[in-house]
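Data block below; observations after.
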Amino acid sequence: MYHLKKFNVTSGKYRKLFSSVAKVIDVSTDDKTNITRVYLQRPPVNSLNSHLLTEISYIMDDLEKTKCKGLVLTSNIVNIFSAGLDLTEFYKTDIQKLSNFWTTLQNTWLKLYTATFPTVALINGHSPAAGCLLALSCDYRIMLSPHYTIGFNEAKIGIPAPFWFIEVMQSIIGSRKTELSVLTGQMYKTDEALAIGLIDETAINLTEAESKVNSFFKNIIAFPGKSRSLMKKDCRDHIVQKFLLKKDEERELVIEFIMNPKTQKNIELYFKALQNKV
Ligand SMILES: CC/C=C\CC/C=C/CC(=O)SCCNC(=O)CCNC(=O)[C@H](O)C(C)(C)COP(=O)(O)OP(=O)(O)OC[C@H]1O[C@@H](n2cnc3c(N)ncnc32)[C@H](O)[C@@H]1OP(=O)(O)O
């Protein structure tokens, strides 16, 4: 039986900023294990806007401070893990807003990718683009089958997947499969994702998924945390260092690309197609 304690994520300056905004994540911690579950819950599709990314960023800070033993990232929205970046952050925006948004994404991702505690993505719905990145940035992925899809679909919108999205995928499934995957904007069904190693396990329902999550933590938490987190750092450091080196340059590139009228037209058409689909 879980003893759930709610995190006080709305402290200090943060409370003032977001007190009037709907809660877009729910956080609960098992008192016995100190494993925290973070549920994304921004209707309709958990698209990642500045607000949701900032909330994730704050919770990652809190978890590092409170010596969290493990994080499960999942969703409270039926059939959706995350629809990726909120396209409204890109459409008819201005340079300053876009720059702030991209910086928030970069910083939040870095905290998740370099978390010192073990992280599991329980992928209980579709997970395109940056939704896929969130999952790939965790240490382990368990995905519900059979109806959901995951992958980098950016090619289909006419925007390139950022280099660090690509490098994270490469580190998991290898260069050749990543290249094919991003160039075709391929979305994989659960079993296909398992076959290419994009996810680690499948589950037929939430009960089975939770049991697999618990087994993962049981195995990993049995070992001293310090050596585990040092090895994780070593495995990921080449991507992190390159990212830090190119972070500012990349933001400029994103601004140039997204503000281009042709890209704006592509996003508009993509939005219309999403809204008109049957
Ligand atoms: C140099 C590099 C430059 C730039 C790099 C930029 C990188 C970007 C990475 C990204 O993450 S881009 C985002 C890509 N995401 C997608 O393409 C997801 C699109 N959405 C879907 O495929 C589907 O919505 C879904 C499979 C997630 C869910 O399907 P379903 O349950 O059938 O819902 P609906 O499609 O009806 O959607 C409901 C509602 O939500 C709106 N919406 C969906 N996705 C987004 C989104 N990513 N951002 C904003 N809004 C989104 C959709 O338009 C619907 O709105 P209504 O007004 O029609 O209700």
Is it the case that Lys232 is in a helix (DSSP H, G or I), in contact (Cβ under 8 Å) with a residue 40 or more places away in the chain, within 16 Å of the ligand (Cβ to nearest atom) and basic (Lys, Arg)?
no
Quick test for you: out of Asn107, Asn153, Asn124, Asn100, pick the one residue that is within 23 Å of Ile204 (Cβ to Cβ) and not hydrophobic (A, V, I, L, M, F, W, C).
Asn124
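Is it the case, given these coordinates, that Tyr58 is in a helix (DSSP H, G or I) and at pLDDT 95 or above?
It is true that Tyr58 is in a helix (DSSP H, G or I) and at pLDDT 95 or above.
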Say whether the condition of being within 16 Å of the ligand (Cβ to nearest atom), surrounded by fewer than 16 Cβ atoms within 10 Å (Cβ to Cβ) and either modelled with pLDDT under 95 or not aliphatic (A, V, I, L, M) (or both) is met by at least one residue in region 217-227.
no
Going through region 60-110 in order, the residues found to be away from the ligand (no atom under 16 Å from the Cβ) and of a type in the set (Ser, Thr, Tyr) are Thr66
The number of residues in region 144-168 that are part of a helix (DSSP H, G or I) and either closer than 25 Å to Ser229 by Cα or over 18 Å from the mean Cα position of the chain (by Cα) (or both) is 9
Considering only residues that are hydrophobic (A, V, I, L, M, F, W, C) and surrounded by fewer than 11 Cβ atoms within 10 Å (Cβ to Cβ), which ones fall in region 243-275?
Leu245
Residue set Arg176, Arg141; condition surrounded by 21 or more Cβ atoms within 10 Å (Cβ to Cβ), basic (Lys, Arg) and not in a loop (DSSP other than H, G, I, E, B); output residue Arg141
Would region 98-110 turn up any residue that is at pLDDT 95 or above, surrounded by 20 or more Cβ atoms within 10 Å (Cβ to Cβ), of a type in the set (Ser, Thr, Tyr) and assigned to a helix (DSSP H, G or I)?
yes
When you go through Ser181, Ser127, Ser171 one by one, which is the residue that is away from the ligand (no atom under 15 Å from the Cβ), of a type in the set (Gly, Ala, Ser) and either in contact (Cβ under 8 Å) with a residue 24 or more places away in the chain or part of a loop (DSSP other than H, G, I, E, B) (or both)?
Ser171
Unique residue being in a helix (DSSP H, G or I) and under 25 Å from Leu85 (Cα atoms) when the list is Ile258, Ile220:
Ile258
Out of Gln241, Gln264, sole residue that is more than 29 Å from Val45 (Cα to Cα) and modelled with pLDDT of 95 or more:
Gln241
Kindly indicate which of Ile157, Ile166 is within 29 Å of Gly125 (Cβ to Cβ), in contact with a Phe, Trp or Tyr (Cβ under 7 Å, 6 or more places away or on another chain) and within 16 Å of the ligand (Cβ to nearest atom).
Ile157
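The values are calculated or read from the model by the stated rules, or taken from the named source; none is laboratory data. Because the structure is a prediction, the values reported are computed rather than measured. Don't worry about glycine lacking a Cβ; one is built from the backbone with ideal geometry, like all the others, and counts go over all protein chains shown.
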